[in-house]
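> Attaching a single structure in structure tokens format; questions to follow.
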């Protein structure tokens, strides 16, 4: 994206956030998105609780949004079950993006099948191959990327905005659930009978790849179960800080 287009996107983001005026209900935020006519829009779902809220809202309201998920090849069976039950319920497509076969083969040659346990660098390389590169393909030719980010999820996400420009992927990011609490998420899912991953009932709050996710106790941070062997920012690279 050229410098002029980047500046225009940043200006659009500032205007969109101004229109919110402390009203951040889903109908209001999606009305702002729709009226802005920003272009082709997609939603990346990890099939977690936040993303299931947005999937329900998008499908229930027949919004013009392409919904997709990243299949890393190492997901829990319960996650695949959630994907299947969601597609069956709404009768809408959730496109799966997979890592490149050659890239995965090279990754396992270089660091083995479980090399991500050895260092943060190796783990991030695995995340790049299995998630970042497929995400780049999914976001190609898209103008807006909807996510299920919430401030409450981690300190690293506390300074996000509902609309922001993502310099890494050169796209406008729309985070409609940013100010929601976990309790509000659960209430919505229950009220609308939305399919949920059965692992949530076993202490798994944030669910990623099976080898990299464990259950957490009520006293722990929601993302403590992700890459639990690390003392890192608990991010894979999909949502880097824009600062």
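> When both residues are 6+ apart or on different chains and their Cβ atoms are under 8 Å apart, which pairs have a first residue that lies in region 134-160 and is farther than 21 Å from residue 13 by Cα, and a second that is part of a helix (DSSP H, G or I) and at pLDDT below 95?
If the second residue must be part of a helix (DSSP H, G or I) and at pLDDT below 95, the pairs left are 152/182.
> Could you list, in sequence order, the residues of region 39-82 that are in a loop (DSSP other than H, G, I, E, B), within 14 Å of the chain's Cα centre (by Cα) and over 17 Å from residue 177 (Cα atoms)?
Taking region 39-82 and keeping what is in a loop (DSSP other than H, G, I, E, B), we get 39-40, 45-48, 61-65, 71-74, 76.
Checking the rest, the ones that are also within 14 Å of the chain's Cα centre (by Cα) come to 45-48, 71-72.
Result: 71, 72.
> Can you pull out every residue in region 211-243 that is farther than 26 Å from residue 169 by Cα and either surrounded by 20 or more Cβ atoms within 10 Å (Cβ to Cβ) or modelled with pLDDT of 90 or more (or both)?
211, 214, 215, 216, 217, 225, 228, 229
> Could I ask something else about it? Here is a list: 54, 107. Which entry is crowded, with 16+ Cβ neighbours inside 10 Å and over 30 Å from residue 15 (Cβ atoms)?
107
Let's see how each residue does on (1) modelled with pLDDT under 95; (2) surrounded by fewer than 18 Cβ atoms within 10 Å (Cβ to Cβ); (3) out of contact with any helix residue (DSSP H, G or I) (no Cβ under 7 Å at 6 or more places or on another chain); (4) not in a helix (DSSP H, G or I):
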{"position": "122", "(1), (2), (3), (4)": "no, yes, no, no"}
{"position": "127", "(1), (2), (3), (4)": "no, no, yes, no"}
{"position": "131", "(1), (2), (3), (4)": "no, no, yes, no"}
{"position": "134", "(1), (2), (3), (4)": "no, no, yes, no"}
{"position": "137", "(1), (2), (3), (4)": "no, yes, yes, no"}
{"position": "145", "(1), (2), (3), (4)": "no, no, no, yes"}
{"position": "160", "(1), (2), (3), (4)": "yes, no, no, yes"}
{"position": "164", "(1), (2), (3), (4)": "no, no, no, yes"}
{"position": "172", "(1), (2), (3), (4)": "no, no, no, yes"}
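> Quick check on region 184-204. Is at least one of its residues part of a loop (DSSP other than H, G, I, E, B) and touching a strand residue (DSSP E or B) at 6+ places or on another chain (Cβ under 9 Å)?
Checking region 184-204: at least one residue is part of a loop (DSSP other than H, G, I, E, B) and touching a strand residue (DSSP E or B) at 6+ places or on another chain (Cβ under 9 Å).
> Given the structure, is residue 21 exposed (fewer than 12 other Cβ atoms within 10 Å of the Cβ), closer than 20 Å to residue 138 by Cβ and free of Cβ contacts under 8 Å to residues at least 40 places away in the same chain?
no
The values are calculated or read from the model by the stated rules, or taken from the named source; none is laboratory data. Fair warning: this is a prediction, and the values are worked out from it, not measured in the lab. Don't worry about glycine lacking a Cβ; one is built from the backbone with ideal geometry, like all the others, and counts go over all protein chains shown.
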